[in-house]
Structures are given as structure tokens and as C-alpha cells.
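These notes are about the structure you will find just below.
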Amino acid sequence: DIITNRRAYRRALRHLGTTSRFSNSQLYNLLAPLPIEGLLYMMARTEDENIKKALSTYITRLRGLTPALTGADLLGLGITEGPEIGRVLTALLRKRLDGEISDKEEEIVFVREFLDKHGKEGPPASS
């Protein structure tokens, strides 16, 4: 709901207006929590071409992007069931968004390297 999320929209506009360059994952993290209707409204209302471009990039290229691997795939590759699955999926999405990984095979390589480095349980959760 646009009215309920008004503060979040203002925050997003402020960040978009003051930061000249966002990585795709930063842009995604800023805009993903906001309903699409509000983003379209923001895009229609703003006169700042950089903000329009960032919103358009998110809506047309980033919004629907997901890792090719699923939680079930990660279990099959040896990741232990639990919060680590979510952390690995988040890392895969970030790498997809930023163009560091482009297909399922590269995701599998990333997961195998992750397992070699951290083991099945992964690194300790940050506090």
C-alpha cells in the first residue's frame, strides 16, 4: 500500500537521488521491499532522469531475477539443511544481480567452492 509505505518510498528516493552509482544488488535490496505500484508512481512523478533509469532497471531487469538453483538443489549439493540454505541462496542472487554468475553451472561451481571453503554448515552466522 502506497500510503503505508510512504516513509520507505521517501527513503528510497533520497538514496536514489544522493547516490550516483548503485550496484544491481544494492538497487535490488533498496527497492525489492516496495510494492511495484509505488515504484511505478515514483518513476512517473520524478523529474530526475537518474532516478527514472534506476527504477526502470530494477523493474525491467532485476525484479524477477532469481538463482537457478533451489533449496532442494543446495541440499543435493551437500549444504546442510537450515539457515545456511538461505544464506547461500542470498549470495547466489547477489552474484546473479551483479553479473558475477550468469548460469546454473556457474552457480554450482560457486556452491562447490563455498563447501570447500566453509564446509557443509558454512561460516558462522554474523552477529
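The values are calculated or read from the model by the stated rules, or taken from the named source; none is laboratory data. Here the structure is a predicted model, which means the values were calculated and not measured. Every residue, glycine among them, receives a Cβ derived from its backbone with ideal geometry; neighbour counts consider all protein chains shown. When the accessible area is computed, the model is the full protein with side chains, heavy atoms only, and any ligands, DNA or RNA have been set aside. Shrake-Rupley method; radii C 1.70, N 1.55, O 1.52, S 1.80 Å.
Just checking, which of GLY86, GLY78, GLY64, GLY71 is closer than 30 Å to GLY17 by Cβ and among the small types (Gly, Ala, Ser)?
When all the criteria are applied, what remains is GLY64.
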If we keep just the residues of the range 36-53 that are free of Cβ contacts under 8 Å to residues at least 12 places away in the same chain and not in a loop (DSSP other than H, G, I, E, B), which is nearest to LEU97 (Cα to Cα)?
LYS53
Across the range 72-92, what is the number of residues that are under 26 Å from ASN24 (Cα atoms), open to solvent by 20 Å² or more (accessible area, probe 1.4 Å) and touching a helix residue (DSSP H, G or I) at 6+ places or on another chain (Cβ under 6 Å)?
1
Residue pairs meeting the criteria (Cβ under 8 Å; at least 6 apart or on separate chains; first closer than 23 Å to VAL109 by Cα, in the range 57-71; second of a type in the set (Phe, Trp, Tyr) and open to solvent by 40 Å² or more (accessible area, probe 1.4 Å))
LEU62/TYR28; LEU65/TYR28
For the range 54-73, check the following and say yes or no: at least one residue is in a helix (DSSP H, G or I) and more than 19 Å from the chain's Cα centre (by Cα).
yes
Is it the case that the range 26-33 has a residue that's over 24 Å from LYS117 (Cβ atoms) and in a loop (DSSP other than H, G, I, E, B)?
yes
Only one of (1) touching a helix residue (DSSP H, G or I) at 6+ places or on another chain (Cβ under 6 Å); (2) surrounded by 14 or more Cβ atoms within 10 Å (Cβ to Cβ) fails for THR57. Which number is that?
(1)
